[in-house]
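Notes follow once the structure below has been shown.
Read-outs: derived from the displayed coordinates by stated rules, not from any lab. Note that the coordinates shown come from a computational prediction; the quantities given were computed from them, not determined experimentally. FYI the Cβ positions are ideal-geometry reconstructions off the backbone, even for glycines, and counts take in every protein chain you see.
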Amino acid sequence: MLKNGGFYIGACSITLVLRGNSSLKGKRSVLNRIKDRVKHRFNIAISEVGELDVHQVAHIAAATVGNDRTYIEGQLTHLIEFIGGLTEAEVSHAEISIDIKGKGENVLF
């Protein structure tokens with residue numbers, strides 16, 4: 001736990017393979033189902049961030065904030081496992097990063 005107003009920002013990057021998908025419309029449909037399930041189960045932001053025009057590969061990212069690094073890391077790990085357990089897509093790569101932010105840092109408006 002951080003003190004003095006500090007907090008953690010946790011993010012994960014996930015590359016998905018959508019086997020058998022042949023259109024961007026099909027890809028969007030699969031990604032929307034995955035994102036809806038994630039939003040329903042986790043208190044986390046998720047978005048497609050790369051490979052936007054590729055039919056069978058998707059790059060998504062998720063982010064969360066909090067004051068407990070262990071909790072954030074666990075939440076992101078569970079998120080990756082949850083997505084990996086879905087039948088719509090296969091996780092080919094996943095990466096978690098956690099940064100510390102706090103008082104005294106530059107604030108941009």
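Of Thr70, Ser47, Ile80, which is farthest towards the positive pole of the chain's charge dipole, taken about the Cα centre with +1 and -1 on the beta-carbons of Lys, Arg and Asp, Glu respectively?
So the residue furthest toward the plus end is Ser47.
Can you tell me the alpha carbon radius of gyration of the chain divided by the globular rule-of-thumb value 2.2 N^0.38 Å?
The reported ratio for this selection is 1.19.
What FRET efficiency, computed as 1/(1 + (r/R0)^6) with R0 = 30 Å and r the Cβ-Cβ distance, is obtained for Val65 and Arg28, rounded to the nearest 0.05?
My answer for the efficiency is 0.60.
Hey, got the dipole for segment 7-101? About the Cα centre, +1 on K and R Cβ, -1 on D and E Cβ, debye to the nearest 20?
360 debye
In whole Hz and in residue order, list the ³J(HN,Hα) couplings for segment 78-92 that follow from phi through the Karplus curve 6.51 cos²θ - 1.76 cosθ + 1.60, θ = phi - 60°; x for Gly and Pro.
Result, ordered by residue: 5, 4, 4, 5, 4, 5, x, x, 7, 8, 6, 8, 10, 6, 9 Hz.
Give me the one-decimal nm value for the distance between modelled label points at Val91 and Glu51, 7 Å along each residue's Cα-to-Cβ direction.
1.4 nm
Would you be so kind as to identify which of Ile60, Ser29, Tyr8 lies farthest towards the positive end of the dipole of the chain, taking Lys and Arg as +1 and Asp and Glu as -1 on Cβ and the Cα centre as origin?
After comparing all options, I get Ser29.
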